[in-house]
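Scroll down for the structure; my scribbles are underneath it.
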Amino acid sequence: MKVLVTGGAGYIGSHTVLALIEAGHIPVVVDNLSNSSFESIKRVEQITETSIEFHENDVCDKQALKSLFSKEKIDAIIHFAGYKSVGESIAKPLAYFDNNLNSTLSLLEVIYADSDPKAPKFIFSSSANVYGNPEVLPVSEIAKTGEGITNPYGYTKFFCEQILKEVCVSNPEFQAIALRYFNPIGAHPSGIIGEDSQETPNNVAPYICQVAAGKLSEFSIFGDDYDTPDGTGIRDYIHVMDLAEGHVAALNFNSKGFEAINLGTGTGTSVLELHSAFEKAAELTIPYKFAQRREGDIESSYADVAKAHQLLNWKSKRTVSDGCADAWRWQSHNPDGYGKN
Ligand code: NAD
Ligand code: WQD
């Protein structure tokens, strides 16, 4: 299939572009490089020994999209492009609603512009954030969404899912699959591509990595008094290559209208367990201290993965230790990410 990958130069996008090529698909990448570098695409070209069609465009730019769709026959769209920082979304809610909603709306308007009911299959990057604070664990797709979301970023994912649902109602031929990612970690095992954090990371895995690399002095564990076996928060850390392969599996799935599917491992890992897995992977002592709970954090979240297995015939294969080892290989080979090596 020829697959339009928006945000394909970013962290999850670049690994998915690689997985698509390995599965024999042809990616066409559109990215405005607002949070990424063209170097990631060059690195994927290096690993796969192929050349990748790349367009430096904003997905909110409908004219640019129209021109692309008029020249290319696109079979499916994987829509990663968007802003992704929970903390930044609280400080800049309008920027988040603007970019994350308008990028999705522009794509939908353009693929419907010629009123062809057979629009390309649409795979959307959603997030476990839509579940807010889940009442039942593991959290399954039938859990309620939209309630208890603590930040604008999470609302953008929830609203985009609603938009996709309504478009499916209006056109029964339209296939929209919202993949709800849990917590992505790791990098391609080559260490050639990975997560390029330009600023101090908010997410736990890149933060620990930078402490291990000596770029940050100490790792703060947010809360040691949760009602969990070791008192620290529990999440479902999924290897980014498993996540990437989940997208390839979704391309082969024919949904009847809208379908939301969790992509996780099904297993919860505490912050202390993650820290210790990183220490083993890096063969280093990584200094940490306990700090206050972070506002808006939930205690535990991990996925019910039955639906992904049933509908996509996909399961995660890699362990948290694999994720830590691969993230550390990427970090130690590329101390400044794609910037300077
Ligand atoms: P990322 O920031 O590395 O990648 C996003 C890419 O989109 C970047 O390359 C950026 O330049 C591009 N982009 C942003 N707005 C754009 C626009 N208007 N037009 C064109 N390109 C644009 O983030 P990521 O971690 O790879 O996340 C990819 C997607 O997955 C996002 O939608 C994110 O919300 C979602 N997601 C991420 C996580 C996570 O923890 N990383 C978890 C759940 C969901
Ligand atoms: C994980 C755990 C923290 C940093 C967010 C989004 C989610 C998804 C992934 C996009 C928690 C603890 C963290 C640190 C710590 N992104 N922690 N010290 O909050 O589960 O999810 O990112 O969609 O939607 O909400 O991920 O990596 O920030 O935190 O102790 O320096 O690590 O308290 O228990 P989170 P995270």
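The values are calculated or read from the model by the stated rules, or taken from the named source; none is laboratory data. Predicted model only: the values in this text are computed from it and were never measured. Heads up, the Cβs are rebuilt from the backbone with ideal geometry, glycines too, and the neighbour counts pull from every protein chain shown. Heavy atoms of the whole protein, side chains included, go into the accessibility calculation; ligands, DNA and RNA do not. Shrake-Rupley method; radii C 1.70, N 1.55, O 1.52, S 1.80 Å.
Overview of results
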read-out	value
Segment 265-292: number of residues that are closer than 16 Å to Asn202 by Cβ and within 24 Å of the chain's Cα centre (by Cα)	2
Top-ranked residue of segment 303-333 - restricted to ones that are part of a loop (DSSP other than H, G, I, E, B) and open to solvent by less than 60 Å² (accessible area, probe 1.4 Å), ranked as nearest to Ala143 (Cα to Cα)	Asp304
Filter pass, Pro189 being at pLDDT below 95 and either touching a helix residue (DSSP H, G or I) at 6+ places or on another chain (Cβ under 6 Å) or over 22 Å from Asp297 (Cβ atoms) (or both)	no
Filter result for the condition that a residue is more than 15 Å from the chain's Cα centre (by Cα), of a type in the set (Val, Ile, Thr), within 16 Å of ligand 1 (Cβ to nearest atom) and open to solvent by less than 40 Å² (accessible area, probe 1.4 Å), over Ile208, Ile238, Ile221, Ile185	Ile208
Within segment 26-40, considering residues that are touching a residue at least 60 places away in the same chain (Cβ under 8 Å) and buried (at least 20 other Cβ atoms within 10 Å of the Cβ), the one nearest to Tyr338 (Cα to Cα)	Ser40
Qualifying residue in segment 274-282 (condition: among the acidic types (Asp, Glu) and open to solvent by less than 70 Å² (accessible area, probe 1.4 Å))	yes
Leading residue by the ranking (farthest from ligand 2 (Cβ to nearest atom)) among those in segment 156-182 that are surrounded by 22 or more Cβ atoms within 10 Å (Cβ to Cβ) and β-branched (Val, Ile, Thr)	Ile177
Some residue of segment 253-267 being in contact with a helix residue (DSSP H, G or I) (Cβ under 8 Å, 6 or more places away or on another chain) and within 10 Å of ligand 2 (Cβ to nearest atom)	no
Residue count, segment 280-317 (criterion: more than 16 Å from ligand 1 (Cβ to nearest atom), of a type outside the set (Ser, Thr, Tyr) and in contact with a helix residue (DSSP H, G or I) (Cβ under 8 Å, 6 or more places away or on another chain))	11
Which listed residue, of Ser103, Ser140, is closer than 29 Å to Ser301 by Cα and buried (at least 20 other Cβ atoms within 10 Å of the Cβ)	Ser103
Cβ-Cβ under 9 Å pairs, at least 6 apart or on other chains, segment 203-218 side in a helix (DSSP H, G or I), far side away from ligand 2 (no atom under 11 Å from the Cβ) and among the basic types (Lys, Arg)	Cys209/Lys215
Meets criteria (within 16 Å of ligand 2 (Cβ to nearest atom) and either among the small types (Gly, Ala, Ser) or assigned to a helix (DSSP H, G or I) (or both)) for Val130	yes
Residue match in segment 249-268 (condition: surrounded by 21 or more Cβ atoms within 10 Å (Cβ to Cβ) and of a type in the set (S, T, N, Q))	yes
Qualifying position, being in a strand (DSSP E or B) and among the aromatic types (Phe, Trp, Tyr), among Phe122, Phe158	Phe122
Phe54 touching a Phe, Trp or Tyr at 6+ places or on another chain (Cβ under 9 Å), open to solvent by less than 50 Å² (accessible area, probe 1.4 Å), more than 10 Å from ligand 1 (Cβ to nearest atom) and over 20 Å from Phe159 (Cα atoms)	yes
Failed condition for Glu295, given (1) within 13 Å of ligand 2 (Cβ to nearest atom); (2) outside any helix (DSSP H, G or I); (3) at pLDDT 95 or above; (4) more than 30 Å from Phe122 (Cβ to Cβ)	(3)
